[in-house]
Each structure stands twice: as C-alpha cells, then as structure tokens.
Amino acid sequence: MLRRMSTEAPSIALKLKVVLGKIQVASEKRPEALQYATPLLVAVSKTKGLDMVMEAYDAGQRHFGENYVQELDEKGHDIELLDHCEDIKWHFIGRLQRNKVAKLLGVPNLYMIETVDNERLAKAVNDTWGKLNKPGPIKCMAQVNSSGEESKSGCTPDSAVELVRYIKENCPHLDLAGLMTIGSYDHDPKSGINPDFETLVKVREDVCKALSIPTEKLDLSMGMSGDYEQAIEMGSTIVRIGSTIFGSRNTVPSQATLEEAAEQAKGQDKDLDKSTQEEAVKSQTSQLKKLSVD
C-alpha cells in the first residue's frame, strides 16, 4: 500500500533541528585548534512575523538577528513578545547610522551590535550606552568589508587593527566580541573556499598578533544560509541564518522600515553621484516593497 506523501511544510522547530545538526557536523570537521567553541546560531528574523519568532523561541532558539532599527524597535517592544520571550537575545546585523544609535540602544534585550565599522560610530554607541547607566558594556563586533564591494559596509581589512584598537582603548562601554563580515553574495561554495572567509580569518590573525589577543577571545561572525557549513569549517563561531529556518514568506515592511532602507542605501553609496544614489535608493526600496505576505 502506497503511503500518501505529506505536502505540509516542515515546521520551524524541525528546520532549526536540521540546521543545528549540520552546525555540529561542520564544527567537528574543523582543525583541533578551532574546536574551542560550538558555533552560535543567530536566527535572522528580519521581515518575519512575531509568530515565527515565538515559534522559533519555543523550539529553543534564543539569539535572533535584525537588519533594521525600526523593525527591531517594534519587535523588541512588543508586549506579547516581551511576555513570551523573556530571555530573547537580539543581534543587530544591519548598517547602523549614528542618528539611529539611541533608538537601537533602547531596545529591550539587545545583546550585540555586529556592525560597528568606524571610530565615529563606535564612539557614538559607547557614549550613548554610557549615559543609559546599564550594568555592563554592550557587546559589539567590528564589521570588515572583506569583498571590497561599495554596496557593503565595513572597514577595510587593512584598517581593522586600528578600529579594534580604538574600541578597546577608547570605548569602555563596548565589549568587543569579534569580527563580522557579510561578504559577496555571488560566491558558490561548490566552487571552492570563499575568499571573504579567508580574508576575515587573516584579519583576525593580524588583529590578535598586533594587540596580543588570544584567538579564542575574538569571535568570527561569518556564514549565512548558503555557506554556513563552509564558514564553520574555516573557523566561524557565529553564523547568521534566515531563510533556511523561516522560509521565504515575509510580512509587509512598515513605512518607517522602508524609509530606513532608503537611508541605508543612500548612506552606503555616499561617494557615488546623485543619480546613482537615487537608483540605489529606488532599488532597495523596491525590493522591500516586494516582501509581502503570500
């Protein structure tokens, strides 16, 4: 007798279990020198509804990543989520503008800012956090533009040592956790080692040597849905995974989030001519508007 195949999509809990299993397998393939920590999974919940966040939380997930300050502010202050997810830990993984720092730091359960990419931003976050009289420093990462693409934020690999030095010596309210990169979206893991991962590993070596930091004290946040296993094998200690866990279904972005996306696009392309900036804004805003409920 033939068994009828189920057409029901796998639950978020099941997909989390699969991802965590693959993370474990990939981590066991690393050299012994990199076996000091189990990689942390950050579930990227941008444009996903609160119901999906809470479903993942109920399955045991605690660390979540958001790209837009406005969206994170709305989710982080939601009464139902605050009551349901008492120990949720938010990672901000999008481009952060200095005029959004105060709003971001006011989000309950903010755990880490992974995208500090220059000294002025580091100072703004440090000074603002200090004024809030929190019990300890806020965790952060120095973002490195490993691919050299103009559309990506991050300091250059050559300037990473000085950025980390500045944070450690001048920002007492920041707890530098490590280095982060987004990398190029065009690389196919099947074609070989991702050069962006190689770059970030090399940057960590340079930073640790220059500032006498033990390797295991500087995390690497690299690897997303399509390449996280390779990233882990190369030493990543934080992976950011969204669609593999939550699928492609999205909520409609708020007008404030659309405006923030436009500001980000304009900020990323500040060195381009005005017409090119306008095209970048239109492109990013158009992409977000397409994120509607199926």
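Observations on the model:
- Only one of the numbered conditions (1) surrounded by 16 or more Cβ atoms within 10 Å (Cβ to Cβ); (2) over 23 Å from A142 (Cβ atoms) is violated by N118, and that is (2).
- Of residues in the stretch 123-160 being among the β-branched types (V, I, T) and either over 18 Å from L220 (Cβ atoms) or part of a strand (DSSP E or B) (or both), the one farthest from the chain's Cα centre (by Cα): T128
- Taken over the stretch 161-179, the residue count meeting the criterion of being touching a strand residue (DSSP E or B) at 6+ places or on another chain (Cβ under 9 Å), within 14 Å of V203 (Cβ to Cβ) and in a helix (DSSP H, G or I) is 3.
- Between L163, L176, L200, the distinction of being surrounded by 20 or more Cβ atoms within 10 Å (Cβ to Cβ), under 23 Å from G130 (Cα atoms) and under 17 Å from the mean Cα position of the chain (by Cα) belongs to L176 only.
- Test: Y111 is of a type outside the set (K, R), modelled with pLDDT of 95 or more and in contact with a helix residue (DSSP H, G or I) (Cβ under 8 Å, 6 or more places away or on another chain): no
Conditions tested, residue by residue: (1) modelled with pLDDT of 90 or more; (2) in a helix (DSSP H, G or I).
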{"site": "L200", "(1), (2)": "yes, yes"}
{"site": "V207", "(1), (2)": "yes, yes"}
{"site": "T244", "(1), (2)": "yes, yes"}
{"site": "R249", "(1), (2)": "no, no"}
{"site": "E260", "(1), (2)": "no, yes"}
{"site": "Q287", "(1), (2)": "no, yes"}
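- Among the conditions (1) assigned to a helix (DSSP H, G or I); (2) in contact with a strand residue (DSSP E or B) (Cβ under 9 Å, 6 or more places away or on another chain); (3) over 23 Å from G106 (Cα atoms), the only one that I182 does not satisfy is (1).
The values are calculated or read from the model by the stated rules, or taken from the named source; none is laboratory data. Keep in mind it's a predicted model, so treat the numbers as computed, not measured. For neighbour counting, all protein chains shown are included, and Cβ atoms are generated from backbone atoms with ideal geometry for every residue, glycine included.
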